[in-house]
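What follows is a single structure, written as structure tokens, with notes after it.
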Amino acid sequence: MKVTAAAPAKINLQLSVGALRADGYHDLVTVYQALDLRDEVTIFERAEGMGVQCGISGDFSSGVPGDESNLAVKAVKLVAELVGVSCDLNIQITKRIPVAAGLAGGSADAAAALAAAAELYGYGGDLQPLAEQLGSDVTFSLLGGTALGTSRGEVVVPVLARGNYCWVIISSSNGLSTPRVYQKLDQLRDEGAVREPLQLAPKNELLQALVSGSATEIAAHLSNDLQPAALALVPKLQRILDVAVEDGALASLVAGSGPTCIALAKDHDHALDIAARISGQNLADRVLVATSPAAGTEITAIEKN
Ligand code: ATP
């Protein structure tokens, strides 16, 4: 049997970061939205005892490990272990989500691999606990849509949201490691350069804007506590954020831990216009247009032998 699953990238409309916890993570309150920018993971069985082999193709394959550190490899092994079978699989990942970009591409691959392996092995149990073991954003990638994330971001509940939003995704090839950005934030807080939020809670104005479905309202309430840290590490991102707004975006901000920047447009044509202008200025390596919210992880093809 050959199974293909697709899983979305995420953006954070709100990313509030609390204090550093004893386990090394930070408590978060975040409002996630899934983008219609999806990686695909196809798996099929190999002869018994051959183990797992992972191949990567697509627009953003460079820098993605094909070994055991790949989150999709970890995901299929978790499912096989739970089912009690030897894990002998070929995995093919098609990467359309920029890597180490703050868009949770690795988490998307983990979510897609979990869903595909569950289908292939006939596992009908809850995938959420496995997703939580694999990474903070994997549970959201399974769910998709719009959701409130708490704890490390792995505890997710759907949030009411109307409308569709068009984004310009401005990606840089020099990825930022997420732990490095959190460390920088801790350092900036220790130095008193930025403050921890007084209260770690969802922002009512943003939740109301999501109910209204107005892009202008959403634009006024986007926030990312990691942005000062990402900007301190990659100062040229500030220019990208400024240019996006000068070019007509309703708002711009760093995506998650960066270095991707995202800019909110009025509609799809407006997003294409902004993307064309930004592309012409040689500030970014890749400029994409994507829409949110989008579906979570889905099985897209099953081929039986
Ligand atoms: P997040 O915002 O969830 O921290 P990110 O979007 O910033 O993640 P990813 O694209 O998930 O970053 O990649 C982070 C690192 O994870 C990569 O540098 C890579 O070494 C590793 N990695 C492991 N598996 C994958 C995968 N399937 N796809 C991409 N990166 C992977």
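The values are calculated or read from the model by the stated rules, or taken from the named source; none is laboratory data. Because the structure is predicted, anything quoted here is derived from the model rather than measured. In this analysis, Cβ positions are derived from the backbone assuming ideal geometry, glycine residues included, and neighbour counts consider all displayed protein chains. Remember, those area values only see protein heavy atoms, side chains included, never the ligands or the DNA or RNA. Shrake-Rupley method; radii C 1.70, N 1.55, O 1.52, S 1.80 Å.
Does Val83 satisfy being at pLDDT below 95 and either closer than 30 Å to Pro259 by Cα or open to solvent by 20 Å² or more (accessible area, probe 1.4 Å) (or both)? Taking the combined requirement at face value, the residue does not satisfy it. Here is a check on your reading of the model: is Ala249 under 9 Å from Ile170 (Cα atoms) and among the small types (Gly, Ala, Ser)? No, not satisfied. For segment 38-49, the set of residues classified as under 14 Å from Ala80 (Cα atoms) and either open to solvent by 70 Å² or more (accessible area, probe 1.4 Å) or not in a strand (DSSP E or B) (or both) consists of Glu45, Arg46, Glu48, Gly49, listed by residue number.
Here is a list: Ala209, Ala244, Ala255. Which entry is within 20 Å of Pro98 (Cα to Cα), in contact with a helix residue (DSSP H, G or I) (Cβ under 8 Å, 6 or more places away or on another chain) and either surrounded by fewer than 18 Cβ atoms within 10 Å (Cβ to Cβ) or of a type outside the set (Val, Ile, Thr) (or both)?
On inspection, the qualifying residue turns out to be Ala244.
In segment 102-129, how many residues are more than 10 Å from the ligand (Cβ to nearest atom) and within 12 Å of Ala72 (Cα to Cα)? Of the residues in that region, 5 qualify. In the set Leu20, Leu35, only one residue is open to solvent by 50 Å² or more (accessible area, probe 1.4 Å) and not hydroxyl-bearing (Ser, Thr, Tyr); that residue is Leu20. Listed conditions (1) away from the ligand (no atom under 16 Å from the Cβ); (2) under 19 Å from Gly106 (Cα atoms); (3) under 19 Å from the mean Cα position of the chain (by Cα) are all met by Ala263, apart from (2). Of these, Val73, Val31, Val99, which one is part of a loop (DSSP other than H, G, I, E, B) and of a type in the set (Val, Ile, Thr)? Answer to the check: Val99. Of the residues that sit in segment 248-279 and are acidic (Asp, Glu) and free of Cβ contacts under 8 Å to residues at least 40 places away in the same chain, which one is nearest to Thr216 (Cα to Cα)? Only one residue tops the list, namely Asp269. Taking each residue of segment 198-221 that is among the β-branched types (Val, Ile, Thr) and looking for partners that are open to solvent by 30 Å² or more (accessible area, probe 1.4 Å) with beta-carbon atoms closer than 7 Å, six or more apart or interchain, yields Val211/Leu160; Val211/Arg162; Thr216/Leu250. Only residues that are within 14 Å of the ligand (Cβ to nearest atom), of a type in the set (Ser, Thr, Tyr) and open to solvent by 20 Å² or more (accessible area, probe 1.4 Å) were counted in segment 147-196, giving 4. Looking across Tyr123, Tyr165, one residue alone is over 28 Å from Ala263 (Cβ atoms) and of a type in the set (Ser, Thr, Tyr). It is Tyr123. In this structure, is Lys77 within 11 Å of the ligand (Cβ to nearest atom) and either surrounded by fewer than 23 Cβ atoms within 10 Å (Cβ to Cβ) or under 30 Å from Leu200 (Cα atoms) (or both)? No: the conditions fail for Lys77.
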